[in-house]
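As structure tokens, the structure follows; a few thoughts come after it.
Rule-based calculations on the coordinates, nothing more; no lab input. A quick note: this is a predicted structure, and the numbers were derived from the prediction, not measured. Reconstructed Cβ throughout: ideal geometry from the backbone, glycine too, with neighbour counts over all protein chains shown.
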Amino acid sequence: MIKGVGLKVALVNPPASQCFEVQSILGLNAPPLGLAYIGAVLERDGYNVTMIDAPISCESQESVIKNYSQ
């Protein structure tokens, strides 16, 4: 059974209210492990997965939507 061959999926860690630098100084940053686990299962099943970690790149919600909505 072919599950998701060729289908595209975007997993998004939404933008934070503060940039990554501030979060890392305060020790509040953590990688989105839940999204990574989901992405690994999807890739295993043949999906083309893109992960967007907006807090790391300090992207705004508008920027994420503009850059990745295709």
### Query
Each residue of segment 45-61 in turn: what ³J(HN,Hα) in whole Hz from Karplus with 6.51, -1.76, 1.60 and θ = phi - 60°, glycine and Pro shown as x?
8, x, 7, 8, 9, 10, 10, 10, 10, 4, x, 5, 9, 6, 7, 7, 4
### Query
Once amide H atoms are built 1.01 Å from N in the peptide plane, which residues 5 or more positions from CYS58, or in another chain, come under 5 Å H to H?
PHE20
#### Entry: FRET efficiency, 1/(1 + (r/R0)^6) with R0 30 Å, evaluated for TYR37 and SER57 via beta carbons
0.90
### Message
Quick query: amide H of ALA10 versus all other amide H atoms, modeled in the peptide plane; which residues come in under 5 Å with a sequence gap of 5 or more or a different chain?
### Response
THR50
### Query
Along the Cα-to-C-beta direction of VAL5, a point sits 7 Å from the Cα; which residues of segment 30-65 have their amide N less than 13 Å from that point?
45-47
